[in-house]
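Asks: Have a look at the structure that comes next, please.
None of the figures in this text is laboratory data; all of them are computed from the coordinates on show. Just so it is clear, the structure is predicted and the values come from calculations on it, not from any experiment. With ideal geometry, Cβ positions are generated from the backbone for all residues, glycine too; neighbour counts draw on all protein chains shown.
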Amino acid sequence: MKTALPSILAILIAGALVGGAIMLSQSDGTPSTANVSVADGKQIVEVTAKSRYSPKLTAAKAGMPTTLRVKTMGTYDCTSILRIPSMGYEKTLPPTGSTDIELASQEAGATVQGVCAMGMYNFTVQFN
């Protein structure tokens with residue numbers, strides 16, 4: 001048992017370091033706008049689902065018809081089941097592809113939050 005203890009301890013420390021790095025890289029609190037585009041008078045907000053949602057926080061323009069486009073790339077984890085509680089929306093996303101969700105026009109100050117099936121990962125779109 002004495003020889004297994006250093007290995008177990010090393011695995012636990014490595015897991016804590018990797019988990020901490022992932023948490024720090026997820027968001028610094030600054031909303032992204034790089035994933036927002038406008039085409040034909042409609043705003044498109046793109047979010048990627050694979051092991052987490054990215055970006056975690058997005059700033060979008062209020063008062064404009066908006067489509068949330070969720071992209072998957074070999075996604076088989078809990079982020080493949082998307083819930084948007086404020087809309088009563090729940091859907092299993094395809095493992096690879098793109099799913100468009102109409103959000104309509106949102107008022108300034110509104111937020112739309114998506115969450116995975118297990119409630120572990122989420123993303124927020126803030127309308128300004």
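Asks: Thr96 to Ala62: extension gain in nm, 0.36 nm per residue of separation minus the Cα-Cα distance? Let's see the in-between values first.
Replies: On the way: separation 34, 0.36 × 34 = 12.24 nm, distance 2.97 nm.
Computed gain between Thr96 and Ala62 is 9.3 nm.
Asks: Now, a different point. GluC sites (Glu not before Pro), restricted to the stretch 61-128: which are DSSP loop and have at most 13 other Cβ atoms within 10 Å?
Replies: Glu107
Asks: What is the spread of the Cα atoms of the stretch 57-128 along each of their three principal axes, largest first, in whole Å?
Replies: Between the extreme Cα coordinates on each principal axis of the stretch 57-128 lie 34, 22, 20 Å.
Asks: Gap in Å between the Cα centre of the stretch 50-78 and the Cα centre of the stretch 114-128?
Replies: Answer, in whole Å: 8.
Asks: ³J(HN,Hα) across the stretch 38-51 via Karplus (A = 6.51, B = -1.76, C = 1.60, θ = phi - 60°), whole Hz, x for Gly/Pro?
Replies: My calculation for the stretch 38-51 gives 10, 9, 6, x, 10, 8, 10, 10, 9, 10, 9, 10, 5, 6 Hz in order.
Asks: Run through the stretch 31-128 and list the chymotrypsin sites (Phe, Trp or Tyr not before Pro) located in a DSSP loop whose Cβ has at most 12 other Cβ atoms within 10 Å.
Replies: Here the sparse-neighbourhood loop sites are Tyr76.
Asks: Write down the Kirkwood hydrodynamic radius of the stretch 37-86, to one decimal in angstroms, obtained as one divided by the mean of 1/r over all alpha carbon pairs.
Replies: 12.1
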